[in-house]
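Scroll down for the structure; my scribbles are underneath it.
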Amino acid sequence: MKKLLTLLLAAVMPACLFAQTDLTYYLPPQVQYNPAIPTPKSVIGHEVGDWHVTHDKLVYYMKELDKASDRITLEETGHTYEGRPILLLTITSPKNHRNIETIRQQHLQLTDASKSAQLNIKDMPAVFYLGCSIHGNEQSGTNAGLIMAYHLAAAQGPEIENYLENTVILFDPSFNPDGLQRFSSWVNSRKSMNISADPNDTEHNEAWPGGRFNHYWFDLNRDWLVAQHPESQARVKKFQEWRPNVLTDHHEQGTNATFFFMPGVPSRVNPITPEKNQELTKKMGEYHAKALDQIGSLYFTQEGYDDFYYGKGSTYPDAQGSIGILFEQASSRGHAQESVNGILRFPFTIRNHFVTMLSSLKAINEMREELLTFQRDFYKNASAEAAKDPVKAYVIGSRDKARLFHFAEMALRQKVDVYRLPSAQTVNGKTFDAESSYIIPMNQNQYKLIRGMFDKQLKFKDSIFYDISSWVLPLAFGLEYEEVKTAPALGEKLTEAKMPVGKVIGKGDYAYVFEPLGYYTPRAMYRLLSKGVRIKVANEIFYADGKKFDRGSILVPVDGQDRIPDQIAVIIKEITEKDGIDVYALSTGLDYRGVSLGSSSFYVLRKPEIAILIEGGISATDAGELWHLLDTRYQVPVTLIPVSVFNSTSIARYNTIIIPEGNYSAISEGGKEKLKTWVQNGGVLIGFERALNFFTSAGLGKFDVRKDDDKKDPAKAKPYADMDEIQRAQATSGAIFEAEADLTHPLLYGYTSSKIPLFKGNNIFIQKAAGAYSNPLVYVNNPLISGYITKPNLDKLKSSSALGTVALGRGRVIGFTENMAFRAFWFGTNKMLMNAIFWGQMVSPEASR
């Protein structure tokens, strides 16, 4: 009777109670484990997979392993924006640990073509960088990392000892600690005792912005090359210190998928990447396939994903003699979720990642000499290619030393050799002076990566891109640059990039003036305004002490301020030191060549009070880019207003509202009317990309979209099987185009060239306005600089408008067709946004669309 009751109870008990797993579900059954090494459960309080591990527990467990195992050394390589530690565990044999610096230095010699031939590869360990869950809501990777770390620390026997003797493992258990914490808190706090696999359950539907991103809502898997965030900077530093042979990057994908491992689509490999890289990736794929076959897991390869953009973690290593491997596991996005393949349980997703972590380790060991040889040959071949390359160097420069500094900072992070110019040089008609220019020779071991930074590309094997199709970095930073075709003369080699320091020029006490071209001019302006100092912007050219000051120069009168002259002088000194700007101290306001300083052409600026709309259908990454730019670079406070709050609250306290790219259906009719009244009362409304369509439909402005020609030929018959690829190829995923700027227009103040490279990642094409003064930024007739765009879309782009303003009452509506703050590295267009914020209101109604 008792046995029958037990069976009946089992029949009605919720299935989730049978879903609990212990380590035996994951670990290879034939391996014995050291009982002195703590298991994950003994530290974090639950079996792996029962809950999503939180970052604090993850850190605690890794520290306990470090204490318990002589195979592990743990270090904190940095901290996130939210102050969480970024960890790296170096895992290898105790013998290797005792000689770890010698091993590292010897391994780096593989990247030096002049020394690598002397190395005995047979005696060298391979270096394996294992990284987990760069997207915070893709947590099967990090949770698999708990098991992998335990296995590497506790497993016993000849196999693991051989692996550790022949491999140095650099293990990053969480590429994105802030995102991990946000997501784990969400799903854990919504987990039921009776787990709901219903996709409609709250556990599977994160609140905006979701856990994918870092603190400022950036996708960190697009930041490896430019490394603008602390998480990226920490891992890139360790990558460059070691130059590993293999880097694995563990992700998740849609719930209805299975499991993906590299290689990706063969036609979508960056042409700089050597074919041997893909051959080795395929060979490693055989190990992953065998491991997944053994546990019966479905998988796919060579479709969906690619190896093109070097800003991604699985592609970044390919330009540096390493093999980057992407793994994508179908996501349960919680503890269990229905899928077309049945109920997808979190432990199952963890096991697939753990199994491929083990298959990677096995492949690296059995292919060790081949991988080391490939790395040595990669750099030898790169040296030979550099010698044959007609381009011997790139010279880069800018009158804006701050942007030049940030470029050098980025290049040095990637161990690119950067030199000062020994003297002024003229290249292709452009003069680069020694004080504000650098030269980057091609004859160095990062030759391939330098090409990845500088190369333009117009021809492609494929027309579909998983990410962007071009990212020419000197264009992104808004710098002048030229190819040098002869062996360059080099000046002093940079060992570190230093933010420029400005100075006060002159001894006058009548007024201060600084120019608009500096990247941190907006920060200096806000520094003054926030301290109650009245400032003005020049709308006409003027001269002082023999110097010409362009439109957009900032005037700080000394008299009539609420601050005494000595206090203003202290702020001015702070600007020169912290914002890298030269400030001119003038003794008179008289100017017979231009306008005098008392002219009405100087416009008094108001302190920006900024709100950015978020949530609803707003793009989290676009909103985050704007927030990050204003908050971290320009140190301008912003209020992030959810659309639901915006609909029901007063917006009178703001004078500037920014609407990022997105869908705006959540903005109520009352919200639209309120916004219109607010603009009419003097507000400045700034929008990007699809916000221009919203402005038009909401009666806030007229930004007419260019449409297809009505007289199109009937569609030609095409195979049904090609439909998806043909439709996807119509996207402009990210390319670079040239626009012509009216430098006398207030929104273009501070630019020194009328030719401005813009990054475009959409198919929004706006008609030119009819007014003579209403098109300050227009794409040229042959606009494509680099990247992919279809011919029909290119035809629509030609001579279309990239920027427009609308006068509405006393306010202004300003629309940009592109993202002016793309991924924190498109420095060159940030100034347009800041001009719109600081003096968008003064654009004449005569220039309205």
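What to note about this one:
- Within the range 467-532, trypsin sites (Lys or Arg not before Pro) in DSSP loop having at most 13 other beta-carbon neighbours inside 10 Å: Lys485, Lys498, Lys503, Lys507
- With a threshold of 22 Å on the Cα-Cα distance, the over-threshold entries among Lys485/Lys791; Lys461/Lys768; Lys392/Lys456 are Lys485/Lys791; Lys461/Lys768.
- The range 104-228: relative contact order in percent, alpha carbon pairs under 8 Å with at least 6 residues between: 30 percent
- For the range 142-297, radius of gyration divided by Kirkwood radius, i.e. Rg to Rh on alpha-carbons: 0.98
- Per-residue ellipticity at 222 nm, computed for the chain from helices alone with -39500 (n - 2.57) per DSSP H run of at least four residues, works out to -9000 deg cm²/dmol.
- All lysines inside 25 Å of Lys63 as judged from Cα atoms, apart from same-chain residues fewer than 8 positions distant: Lys41, Lys95, Lys237, Lys238
- Debye log10 I(q)/I(0) at q = 0.12, 0.21 Å⁻¹ for the range 53-151, Cα point scatterers: -0.51, -1.13
- The range 531-632, Rg to Rh (Cα coordinates; Rh as Kirkwood inverse mean 1/r): 1.08
- Sorting the segments 215-221, 458-464 by their residues' average number of neighbouring beta-carbon atoms within 10 angstrom, most packed first, yields 215-221, 458-464.
- Taking the longest Cα principal axis of the chain as reference, the axis of helix 177-189 is set at about 60 degrees.
- Expressed to the nearest 5 percent, the antiparallel share of DSSP beta bridges inside the chain is 65 percent.
- Solvent-accessible surface (1.4 angstrom probe) belonging to Val265, in square angstrom, nearest 10: 20 Å²
- Based on the reciprocal of the average 1/r between different C-alpha atoms, the Kirkwood radius for the range 428-577 equals 19.6 Å.
- Projected-area mean, the range 273-317, by convex hull of Cα positions, square nanometres: 3.6 nm²
- Test item: Cα-centred dipole of the chain, Lys/Arg +1 and Asp/Glu -1 on Cβ, debye: 1140 debye
- Relative contact order (percent, whole number), the range 389-468, Cα cutoff 8 Å, 6+ residue spacing: 34 percent
- The chain - percent relative contact order, Cα under 8 Å, separation 6 or more: 10 percent
- Viscosity 1.002 mPa s, 20 °C: Kirkwood-radius Stokes-Einstein D of the range 277-364 over Cα pairs, µm²/s: 151 µm²/s
- The alpha carbons of the chain occupy a box of 100, 69, 66 Å along the principal axes, longest dimension given first.
- The range 412-493 - convex hull of the alpha-carbon atoms, volume per residue in Å³: 131 Å³
- In the complete set of protein chains, residue-level accessible area for Phe378 is approximately 10 Å², probe 1.4 angstrom.
- Taking Cα atoms only, the orientation of helix 830-839 departs from the longest principal axis of the chain by about 50 degrees.
- Cβ-based net charge around Thr431, under 13 Å, with every Lys or Arg adding one and every Asp or Glu removing one: -2
- Of the trypsin sites (Lys or Arg not before Pro) in the range 268-354, those whose Cβ has at most 12 other Cβ within 10 Å and which sit in DSSP loop: none
- Applying both filters, DSSP loop and at most 14 other Cβ atoms within 10 Å, to the GluC sites (Glu not before Pro) of the range 275-366 gives Glu303.
- Near Asn365: Cβ cut-off under 12 Å, other residues only, Lys/Arg at +1 and Asp/Glu at -1. The net charge is -4.
- 37 °C / 0.692 mPa s Stokes-Einstein diffusion coefficient of the range 617-700, Kirkwood radius on C-alpha pairs, µm²/s: 247 µm²/s
- Heavy atoms of the protein chains alone define the surface here; on that basis the range 433-512 has 49 Å² accessible area per residue at 1.4 Å probe size.
- Eligible lysines near Lys507 by straight Cα distance, threshold 20 Å, same-chain separation 8 or greater: Lys547, Lys548, Lys573
- Ligands, DNA and RNA left out, the accessible area of the range 357-398 computed with a 1.4 Å probe is 49% carbon and sulfur.
- Of interest is the spacing of the C-alpha centroids, which for the range 397-430 and the range 225-254 amounts to 25 Å.
- For Leu784, residues with placed amide H under 5 Å, excluding near neighbours: Glu738
- Folded to 0 to 90 degrees: helix 140-154 orientation relative to the chain principal axis, Cα: 50 degrees
The values are calculated or read from the model by the stated rules, or taken from the named source; none is laboratory data. This structure is a prediction, so every number in the text was calculated from the model and none was measured. Positions of Cβ are generated from backbone atoms using ideal geometry, with glycine treated the same way; all protein chains shown enter the neighbour counts. Just so you know, the surface numbers come from the protein's heavy atoms only, side chains and all, with ligands and any DNA or RNA stripped out. Shrake-Rupley method; radii C 1.70, N 1.55, O 1.52, S 1.80 Å.
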